[in-house]
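In what follows, a structure is listed as structure tokens, so that the remarks can point back to it.
The values are calculated or read from the model by the stated rules, or taken from the named source; none is laboratory data. Model, not experiment: these values are computed from the prediction. Cβ sites come from the backbone with ideal geometry, for glycine too, and all protein chains shown count toward neighbours. Calculation scope for accessible area: heavy atoms of the full protein, side chains included, ligands and nucleic acids excluded. Shrake-Rupley method; radii C 1.70, N 1.55, O 1.52, S 1.80 Å.
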Amino acid sequence: MPMILLDCDKDIPERQRHIYLKAPGESTKDFLPIANVATIPGTLSERGCAFCGAKLVIGGVVKDAIQMIHGPVGCAYDTWHTKRYPSDNGHVPLKYVWSTDMKESHIVFGGEKRLEQSINEAFDAMPHMKRMFLYTTCPTALIGDDVKAVSKKVMQERPDVDIFTVECPGFSGVSQSKGHHVLNIGWVDQKVGSVEPEIKSPYTINFIGDYNIQGDTQLLQTYWDRLGIQVIAHFTGNANYDELRSMHRAKLSVVNCARSAGYIANELKKRYGIPRLDIDTWGFNYMAEGIRKVCAFFGIEERGEALIAEEYAKWKPKLDWYKERLKGKKMAIWTGGPRLWHWTKSVEDDMGIEVVAMSSKFGHEEDFEKVVARGREGTYYIDDANELEFFEILENIKPDIIFTGPRVGELVKKLHIPYINGHAYHNGPYMGFQGFVNMARDIYNATHSPLLGLAATDIRRTAKAKLALKEVA
Amino acid sequence: MDARAEELFDYVQERCLWQFHSRSWDRQENIEGIITKGIELLQGKTPAADTPKDRCFLADARIMVADFRSGFPWIKDADAAEIQQVMEQLAQLLVDVTVTHSKNRELSHHLY
């Protein structure tokens, strides 16, 4: 029976529909975990809220915009610099946080005046910043503050500023995925087409679904520069607000994270006729394939081959050194969704690692179609896993390394299993050729470090310690 | 079903993201467009690349065909009619699994 009911779930049997153990000869038309549905009451979900998906994942990455969060200060603090996206303008997204700091009285009497005051204060305090993302949160949405009207008033009074409103309170969806969706569609509805870019190359792309985690975007940008390809807009790694308004002028949308940003690529295809090309950017084989596809689109294949040859010569020997030492290691991936299908084959092909369990917080059924098609037989595929399920799965699969977030990472550390930050990385970037060597190095360091093994030893129980204790007694 | 079509299907399932785009019409369009270009390339023809959509299909098809040629030696010996037949069966298999019998409940939603 491939859909699995774990022992810890005997009191919530609905969880069986979310956990799949792939058996030989099965395809996604036989079994698919259900996903993107409300968390079952009683499970300890690891999901984030819809607001978090809009702010932390996408909007908050934009490097020249104030991120005004209309709500209690906790909503701002908890979505600030927990994901590491630097920028080439002094890391603005990591340095600053803005909030209207709503208190009880504002909830009772309304928060629009406070919002207007906060927007003006922020623009006055940072006069070089003329762009703003404005987010609602659960309390301000519940009391019905009209943030669009407030932003319109401010824009009339300050004609040099532009504000994008994101009405996506935490409760509006089952996970952070809803926030991705709302921001994508809102942006293409409200902002795309409102700025004309300067075209500097006959080869123009939007690079969609990459958030410059520890410099991913900046590393990939070196490839596009060498290929002579102009990136009209990065959605949204290291991006300017106004470059994102000019996405309609690219000739091709190259999509990495199809989960968080497939929506805008689809809308650009539908509204502006820009084709969507999905690629993988983690892994040597995948990255080379992605470059080949982009170059084939523009008819500049020889440039792509030259770049790939150069990068392979520089980085492949290093990757192979790690591959020799990582072969046969077992890995679990417990991240958001897309990294499951981006990574499962790339770590297997390029590093010799077997992925034995994968859990997605906010992936949709589309993501499970991809990962089940790519993943191994005998591997667990789990939607919205809870803490007890993690422990039971760990007992079953005994992985050598787990890629997950710091929250779950702290749990697994207590079991003396090494973890690597699968969301924000340990020592990235991880994309591209150099990036995958970084990833291999972090896995090597984690799996070969003696620290966790030593931590698992209770020194009071060693013979020497027993003797010493006896002498003291 | 030709066993060779199933071999190609296994490869495409594991490798190609275009079969898993968001909606059933996107998937059908991609499968039809890329397999058609793939057939032409395998038959030694020059596929049309007049529109952005054509060029995008062709970019995906080129990589797929290069991998077919290196991973499945029999394809070099297949004649045009055989290629047509095997590739059409591949397209049928893809539509069957990723569209017709897909368990993905978002495939037919009218909005993105």
inquiry  = Quick check on my filter: what residues within the range B:79-112 are open to solvent by less than 20 Å² (accessible area, probe 1.4 Å) and more than 24 Å from B:Arg23 (Cα to Cα)?
reply    = B:Ile83, B:Val86
Selected residue [touching a helix residue (DSSP H, G or I) at 6+ places or on another chain (Cβ under 7 Å), more than 8 Å from chain B (Cβ to nearest Cβ) and among the aliphatic types (A, V, I, L, M)] from A:Ile279, A:Ile308 = A:Ile308
request  = Could you look through the range B:60-87, keep only residues that are of a type in the set (D, E, K, R) and over 13 Å from the mean Cα position of the chain (by Cα), and pick out the one that is nearest to the other protein chains (Cβ to nearest Cβ)?
outcome  = B:Arg69
3 or more residues closer than 25 Å to A:Ala288 by Cβ: qualifying helices (runs of 4 or more DSSP H) within the range A:384-470 = A:432-448
request  = Return yes or no: is A:Asn206 under 23 Å from A:Ile279 (Cβ atoms) and outside any helix (DSSP H, G or I)?
outcome  = yes
query = Can you pull out the residues in the range A:452-462 that are open to solvent by 100 Å² or more (accessible area, probe 1.4 Å) and within 30 Å of A:Gly328 (Cα to Cα)?
reply = A:Leu454
Subset of the range A:77-126 (residues that are within 24 Å of A:Arg407 (Cα to Cα), in contact (Cβ under 8 Å) with a residue 24 or more places away in the chain and part of a helix (DSSP H, G or I)) = A:Pro93
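Looking only at the range A:230-268, count every residue that is within 8 Å of chain B (Cβ to nearest Cβ) and either open to solvent by less than 10 Å² (accessible area, probe 1.4 Å) or over 20 Å from the mean Cα position of the chain (by Cα) (or both) and tell me the total.
6
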task = Quickly run through the range B:1-59 and pick out the residues that are free of Cβ contacts under 8 Å to residues at least 12 places away in the same chain, at the interface with chain A (Cβ under 9 Å from one of its Cβ atoms) and either hydroxyl-bearing (Ser, Thr, Tyr) or open to solvent by 60 Å² or more (accessible area, probe 1.4 Å) (or both).
result = B:Glu14, B:Thr51, B:Arg55
task = Find the residue count for the range B:66-78, including only residues that are of a type in the set (Gly, Ala, Ser) and open to solvent by 60 Å² or more (accessible area, probe 1.4 Å).
result = 1
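Quick one: is A:Val347 among the aliphatic types (A, V, I, L, M), open to solvent by less than 10 Å² (accessible area, probe 1.4 Å), assigned to a helix (DSSP H, G or I) and more than 22 Å from A:Met431 (Cβ to Cβ)?
no
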message = Please go through the range A:35-76 and give me each residue that is more than 30 Å from A:Met3 (Cβ to Cβ), part of a loop (DSSP other than H, G, I, E, B) and open to solvent by 10 Å² or more (accessible area, probe 1.4 Å), ordered by number.
response = A:Lys63, A:Asp64, A:Pro72
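Per-residue answers, yes or no, for (1) within 26 Å of the chain's Cα centre (by Cα); (2) open to solvent by less than 60 Å² (accessible area, probe 1.4 Å):
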| position | (1), (2) |
| --- | --- |
| A:Phe368 | yes, yes |
| A:Ala373 | yes, yes |
| A:Ala385 | yes, yes |
| A:Leu388 | yes, no |
| A:Leu394 | yes, yes |
| A:Ala424 | yes, yes |
| A:Ala440 | yes, yes |
| A:Pro450 | no, no |
| A:Lys464 | no, no |
request  = Give the range A:157-180 a look and list any residue that's over 23 Å from A:Tyr241 (Cβ atoms) and in a loop (DSSP other than H, G, I, E, B), or say none.
outcome  = A:Gly173, A:Val174, A:Ser175
message = Going residue by residue through the range A:39-48, is there one that turns out to be among the hydrophobic types (A, V, I, L, M, F, W, C) and more than 14 Å from chain B (Cβ to nearest Cβ)?
response = yes
Near pairs, Cβ below 6 angstrom, 6+ apart or cross-chain, from the range A:448-473 (free of Cβ contacts under 8 Å to residues at least 12 places away in the same chain) to any residue that is assigned to a helix (DSSP H, G or I) and open to solvent by less than 80 Å² (accessible area, probe 1.4 Å) = A:Ile459/A:Ala465
task = Check A:Ile274 against each of (1) within 14 Å of chain B (Cβ to nearest Cβ); (2) open to solvent by 20 Å² or more (accessible area, probe 1.4 Å) and name the one condition it does not meet.
result = (2)
